[in-house]
1. Does Q144 count as over 14 Å from the mean Cα position of the chain (by Cα), without any contact (Cβ under 8 Å) to a residue 24 or more places away in the chain and surrounded by 12 or more Cβ atoms within 10 Å (Cβ to Cβ)?
2. Looking only at segment 113-131, which residues are of a type outside the set (D, E) and touching a Gly at 6+ places or on another chain (Cβ under 8 Å)?
3. Hand me the list of strands (runs of 3 or more DSSP E) wholly inside segment 2-75 holding 1 or more residues that are surrounded by fewer than 16 Cβ atoms within 10 Å (Cβ to Cβ), out of contact with any Gly (no Cβ under 7 Å at 6 or more places or on another chain) and touching a residue at least 12 places away in the same chain (Cβ under 8 Å).
4. Of all residues in segment 94-141, count the ones that are more than 17 Å from the chain's Cα centre (by Cα), small (G, A, S) and either within 20 Å of R84 (Cα to Cα) or open to solvent by less than 50 Å² (accessible area, probe 1.4 Å) (or both).
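The values are calculated or read from the model by the stated rules, or taken from the named source; none is laboratory data. What you see is a predicted model, and the numbers here were worked out from it, not measured in a lab. Heads up, the Cβs are rebuilt from the backbone with ideal geometry, glycines too, and the neighbour counts pull from every protein chain shown. Keep in mind that these areas ignore ligands, DNA and RNA; they rest on the heavy atoms of the full protein, side chains included. Shrake-Rupley method; radii C 1.70, N 1.55, O 1.52, S 1.80 Å.
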Amino acid sequence: MNFCSECGGQLRLLIPEGDNLPRHVCQHCGTIHYQNPKLVVGCVAEWHDQILLCRRSIAPRYGRWTLPAGFMENGETTAQAAERETLEEACARVELGPLFSLVNIPHIHQVHLFYRARLLDSGFAAGLETLETALFSEPAVPWQELAFQSVTLCLQAYFADRRAGRFLLHEEALQPR
């Protein structure tokens, strides 16, 4: 950040009084610009023991498979974000279940949240950010072609919990590779 969104003044990185972390502070009006982690929200959408995956048509990881998910918008809950992202990326309507996976990724300032979900019908298709959508059974999941480590962890936990006959909330923290 170089300029203040309030007045256009020059920003300087410093620790404001009463704080303990460097922040971008406007040298003209004094506004402190906080930068906080972004939430990526989606779901593990199931249809008759198969999982819905989307092949990405955008960077990063163009052409790789992922769960339907994306950045949460202001003014929505995490559940609303998961439903919206599933509709946008896979044209799919879901009934959300409980939160299933929370993956902290501090080195890129993100938290990934995945809900369990049930597809309401088989009418899904590729959305604007998706090349194709498909249902996969556990053995057919393209594990080597998954886009993100958070998706891999989530799916591994999902299938393990399904085999065990009980679903828990899973929390992970990823470090840089």
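1. No, not satisfied.
2. Listed by number, the residues that qualify are L113, F114, Y115, R116, A117, R118, L131.
3. So the answer is 11-14, 38-47, 69-71.
4. Counting residues in segment 94-141 that are more than 17 Å from the chain's Cα centre (by Cα), small (G, A, S) and either within 20 Å of R84 (Cα to Cα) or open to solvent by less than 50 Å² (accessible area, probe 1.4 Å) (or both) gives 6.
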